[in-house]
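To start, the structure under review is shown below, and the notes come after it.
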Amino acid sequence: MIGPRQRRAKRVAFIQQALVLLAVGLLAVLIARNTVINLQARGLASGFDFLWQEAGFKIAFALIPVDATSTYGRVFVAGLLNSLLIAALGIIAATLLGFLLGIARVSPSPPLRFLTRGYVELVRNLPLLLHLLLWQAVILRSLPTVKDAIGLGGIAFLSNRGLYLPMPLLGNQANLLLSALGAAAVMAAIAWILHRRARSHGEAPPLLARGLSAGSLLLLVLVLIGLDWQVPQLSGFDYRGGLKLMPEFVSLIAALTLYNAAFIAEIVRAGIQSVDKGQREAAAALGLSSRQILRLVIVPPALRVIVPPIANQYTHIIKASSLATVVGFPDLVNVFLGTSLNQTGRAVEIVAMTAAVYLVLCAAVALATEAFNRRVALVER
Amino acid sequence: MHAPSSSRLTPSGVLATARAYPFSTFLTVGLLYVALWLTWRIVDWAVIEATWQAGDRAGCNPEGACWAFILNRLPQFTFGFYPEAERWRAWIVLLAPPALLLLAMAPDFKGRRWIIAGGFIAYPVAALALLSGGSLGLSHVPSDQWGGLLLTMIVGIGAFVLSFPLAILLALARLSKLPALRWLTIGFIDFWRGMPLVAVLFMSVIMLPLFLPPGFEISRPGLALTGLTLYSSAYLAEVIRGGLQSVGRGQTEAALALSFGFWRTQTYIVMPQALRAVLPGIVNSVIALFKDTTYVMIVGLFDLLNIVTAALSDARWLGLATEGYVFVGVIYWLFCFVLSHVSSRLEAQQSRVVRQDQILTGSTQ
């Protein structure tokens, strides 16, 4: 039953919403009109056809072949891949370092706790951009020139022009390599299933599982050794061969990793401390080893506390990868929102595409977190 | 994982622990050594071997820090290219917020409400008028001459003062019963939270001039400030929303029973409780915002970090990046460290108050 009061309230709500939509719509129309006028006044074209036009500039580092004759579309993809590469490496490295630091934050050793606390307090209270510029300065100024590069075991070299790593040559062996990797993956998967089945039945894993996992590991090692590794060689004024990482790239990854690891460390510490002390003591009283306590008693509930804020931090790393622009590494913002926009003047199109990329990436992280949350929430019952 | 109960800091206790955990003891001693060595190296470089007065790089001891560079450039690092004769204006703008804050925090001060309102409404306008001049007999100082710490503070305080009221409105709209308003706000907030600040600043410099009516222009600091304000208002709105949701529904219903309207309920009943509940979160947002002001370098503004970076390429003071960045770092670090302690103390205080409330009312919510 709807009384006259509710009907009136409903009407008011409808009018209010209509007014809001009208106001926002009017603003949008006004902005669109201004934009069109301004674009015409500046003689700028519009449309997405520029994506198939030749860009005419080179990109210093790209995962796909790009040269001066490539189209803007290809430049967009190259920049996007570079951004993703930075974000992925930053996330992996910051997670590893962050977990180590977070566990050290609650270690029984007072000096270790003190030092990691000092690290966290020092690092997270400084702007990320300051970290980046500092690393850039350190790498460019304190590292030796190519001639006196620091050798790392004779296969990798560090100089002020960047980091040189050995890289496998994937020529005629590619098929053999891929099939070996596939076989190793299948063996590892079967071993994992056998392990899980045995554990859920409370039995020891069968000999076959152990054999398979050892076999896959052996295969992996063989592949790694058997690859045609190309070691960087000094020739003339630079190293040839192998993989060359620009100093901008190295300082960017270093800054992203060290900065975000401090935040992840605090998240991990809070997660570990959120597990009641009694749980640990009870597990110890039941005779579980300290490794078992960590794996079976502390980590599962701690993860529930750790994952949502850590996902937030991952979003931060993805967005902060755009700082590459500051040091001149060709990420998406640098090559697309920067150079491509300057050359084509397609402001609206390029801004919209760049915004869409970051929104999609952030939404993907949010969805993944939600899925994970649902999984760990089920385990709780 | 657990040390035996004898691991007190007595000689016998320490020895017993060392015997029980040889690896851990080795690690501890090694780490202590590293910590002491690091401290010694830093003190040696920054204090003992440091040079405080010199005309150029060559006059500095190469073994230690060359603080003469910082001292020489200090006026520039503080005010940018603001004319020397007019710097008293910058001093007023820089010192007004802490003075207002101290006044507002004084216990039993009657005019607190007016101070806060004045701080949020009158201060930005007055500061802008005072800095740029051009009226009241003050000479005009174009905004491209503002720089250094002054610009950092303008951008930081400006973005906070502008984004705070916006964030309150966004948070209220985000929780509104009207679906159209709610979904528009969700879209707005998620858009800004999903954008990197680098891209936001690029966009504000490129897109905002296009959005404005022809012939209407905003200076570069104004454009950057707009971008930063929109960006931080989205984060702040989410913090305030958390506070609004923590206020019990009974409060609103009681206000309704007293025939309070929507705005009166929000102003006198809900907001004071909500903002107090998320004060630590707001302080954390201020810390993030202050660190984010460094990004204005991307659109060519000379904030503290950028002006120091630019000074590093001065031919008379080459190779002093460490000194320059340490100087900037100390300023940011002190500000953020102090604020983060304020934030965690507020949090501790609040959890204590909540616990007392629970004891008094017997609730275990």
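The values are calculated or read from the model by the stated rules, or taken from the named source; none is laboratory data. Quick caveat, the model's predicted, so the values are computed rather than measured. Cβ placement follows ideal geometry from the backbone for every residue including glycine, while neighbour counts extend to all protein chains displayed. For the accessible areas, the whole protein counts, side chains as well, though only heavy atoms, and no ligand, DNA or RNA atoms are used. Shrake-Rupley method; radii C 1.70, N 1.55, O 1.52, S 1.80 Å.
Counted residue by residue at 0.36 nm each, then reduced by the alpha carbon distance between them, the extension gain from residue B:24 to residue B:88 reaches 17.2 nm. For chain A, a Gaussian network of Cα nodes joined below 10 Å ranks A:240, A:196, A:105 by mean-square fluctuation, and the top entry is A:196.
Charges only on Cβ, +1 for Lys and Arg, -1 for Asp and Glu: so what's the dipole of the range A:4-84 about the Cα centre, in debye to the nearest 20?
Values: 9 positive and 3 negative charges, 214 e Å.
Value, rounded to 20: 1020 debye.
In this structure residue B:202 has an accessible area near 40 Å², from a 1.4 Å probe over the protein heavy atoms.
The helix-only estimate of mean residue ellipticity at 222 nm for the protein assembly as shown, built from DSSP H runs of length n ≥ 4 each weighted as -39500 (n - 2.57), is -23000 deg cm²/dmol after division by the residue total.
The gain in end-to-end length when the residue A:5 to residue A:221 segment is fully stretched comes to 70.1 nm, 0.36 nm per residue minus the alpha carbon separation.
Can you pull out the chymotrypsin sites (Phe, Trp or Tyr not before Pro) in the range A:198-252 that DSSP calls coil and that have at most 13 other Cβ atoms within 10 Å?
Hits after loop and neighbour filter: A:237.
What a 1.4 Å probe finds exposed on the protein assembly as shown is 68% carbon and sulfur by accessible area, rounded to a whole percent. Among the listed pairs B:110/B:177; A:244/A:319; A:58/A:319, those with a Cα-Cα distance over 29 Å are B:110/B:177.
Using alpha carbons only, the radius of gyration of the protein assembly as shown set against its Kirkwood radius gives Rg/Rh = 0.98. Anyone know which of A:39, A:323, A:140 comes out most mobile in the 10 Å Cα GNM of chain A? Result: A:39 has the largest fluctuation of those listed. Stokes-Einstein diffusion of chain A at 25 °C, 0.890 mPa s viscosity, Kirkwood radius from Cα pairs, rounded to a whole number: 95 µm²/s. Computed over the range A:190-232, the convex hull of the alpha-carbon atoms projects to a mean area of 3.7 nm². Normalised by the number of residues in the range A:1-129, the average gap of Cα pairs under 8 Å and 6 or more apart makes the relative contact order 11 percent. Simple point charges give the picture: +1 on the Cβ of Lys and Arg, -1 on the Cβ of Asp and Glu, and for the protein assembly as shown a dipole about the Cα centre of about 2620 debye.
The residue among A:332, B:319, B:115 whose Cα reaches farthest toward the positive pole of the charge dipole of the protein assembly as shown, with charges on the beta-carbon of Lys, Arg, Asp and Glu, is B:115.
Using a probe of 1.4 angstrom and keeping all protein chains present, the accessible surface of the range A:1-100 works out to 66 square angstrom per residue.
Each Cα pair under 8 Å and six or more residues apart adds its separation to the average, and for chain A the resulting relative contact order is 22 percent. Under a Gaussian network description of chain B, with springs only between Cα atoms under 10 Å, the residue in B:43, B:342, B:326 that fluctuates furthest is B:43. Sequence-distant contacts, meaning Cα pairs under 8 Å at least 6 residues apart, place the relative contact order of chain B at 16 percent.
If we count trypsin sites (Lys or Arg not before Pro) as exposed when they sit in a DSSP loop and have at most 16 other beta carbons within 10 Å, what is the longest stretch of chain B that avoids them all?
B:178-365
Taking 7 Å steps out from each Cα toward its Cβ at residue B:349 and residue A:208 produces label points 6.7 nm apart.
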